[in-house]
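Every read-out reported here was derived from the displayed coordinates using simple, explicitly stated rules and does not represent laboratory data. Model, not experiment: these values are computed from the prediction. So basically every Cβ, Gly included, is an ideal-geometry build from the backbone, and we count neighbours across all protein chains shown.
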Amino acid sequence: PARPLFAEQLPAGLQTISNIVAVSSCKGGVGKSTVAVNLAYTLADMGARVGIFDADVYGPSLPTMVSPENRLLEMNPEKRTIIPTEYLGVKLVSFGFAGQGRAIMRGPMVSGVINQLLTTTEWGELDYLIIDMPPGTGDIQLTLCQIVPLTAAVIVTTPQKLSFIDVAKGVRMFSKLKVPCVAVVENMCHFDADGKRYYPFGRGSGSQVVQQFGIPHLFDMPIRPTLSASGDSGMPEVVADPQGEASKIFQDLGVCV
Ligand code: ADP
């Protein structure tokens, strides 16, 4: 809603987007892409017009997690713009759809390529653009956050004590940039077996984050074999099982952003 006020300062390609939400983590492998994709499809299910920008140049996950018919981005040669591909109504842009293998680039080059891909895409009218950020809080992330006026950030982490320090870094980066961190997702927090609940990574660092940094929402996402299976199958869990436990958590998260 605040977006039109800044419209003239926005890169042209982003002017038709109402909310840009970063899904961020400080380490790889904690479930950031899983959260980004399922959040996007939940918002779409709620009736929003949604796009996903997979900004992870080194390890783009989007091509595995969704299965669009067209797996290559198209160019509009006259306008010199990129046309996103689409799966189940959600617009998608990823380096994995750019037709190249794993990129070998230095930081400043990566930033340039990310920004170009993001801002020259014809996103059209969107209620939400979900950005699956590259992991970490280095220069690539900072540059991206400076160019894109983010509406909100969601931080994904695992419950280990060690992760707390990393999460704090992420929260500080967003707070410096005046981007509100609306939620922390503590992923892989527990699993149930033989009628018992197990906490393989310990407990408690999420509530510490919420207390210390005043983040309004904390979500516990259990380890769910179906969540990883659906990630590999190209159909997000919230699409495959809209009544499932994960879908309910993503609906609550969707309301926060
Ligand atoms: P990141 O984007 O942080 O690198 P991913 O979203 O790619 O992490 O997740 C890493 C792996 O863990 C993937 O194989 C994914 O399917 C799996 N995964 C993520 N979250 C869960 C979960 N809650 N339960 C089971 N598997 C998960």
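Data for the structure
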| item | result |
| --- | --- |
| Length gained when the stretch residue 193-residue 12 is fully extended (0.36 nm per residue, less Cα-Cα span) | 60.1 nm |
| Phi-based couplings in Hz for region 126-131 (Karplus 6.51, -1.76, 1.60; Gly and Pro marked x) | 10, 7, 9, 10, 9, 9 |
| The chain: most fluctuating residue of 42, 81, 121 per GNM, C-alpha cutoff 10 Å | 81 |
| Point-charge dipole on Cβ atoms (K/R +1, D/E -1) for the chain, about Cα centre, debye to 20 | 840 |
| For the chain, with +1 on Lys and Arg beta carbons and -1 on Asp and Glu, the positive-most of 50, 243, 183 along the dipole | 183 |
| Rounded if a/c under 1.5, otherwise prolate or oblate - region 24-130, Cα gyration tensor axes | oblate |
| Estimated distance in nm for a label pair at residue 139 and residue 220, the labels positioned 7 Å out from Cα along Cα-to-Cβ | 4.1 |
| Choice from 161, 176, 27 with maximal GNM fluctuation in the chain (Cα, 10 Å cutoff) | 176 |
| Normalised contact order of the chain, rounded percent, pairs of Cα under 8 Å and 6 or more residues apart | 25 |
| Mean Cβ neighbour count within 10 Å, used as a protection proxy, ranking 203-209, 47-53, 223-229, 57-63 highest first | 47-53, 57-63, 203-209, 223-229 |
| Label-to-label distance, nm, for residues given as residue 161 and residue 245 (7 Å Cα→Cβ offset) | 2.7 |
| 3J(HN,Hα) from dihedral phi, region 58-68, Karplus parametrisation 6.51/-1.76/1.60, rounded to Hz, x for glycine, proline | 7, x, x, 9, 3, x, 7, 7, 10, 10, x |
| Considering only region 16-256, percent of DSSP beta bridges that pair antiparallel, nearest 5 | 25 |
| Förster radius 22 Å - calculated FRET efficiency between residue 64 and residue 127, Cβ distance, rounded to 0.05 | 0.30 |
| Spin-label model distance (nm) - residue 212 vs residue 80, 7 Å beyond Cα toward Cβ | 4.6 |
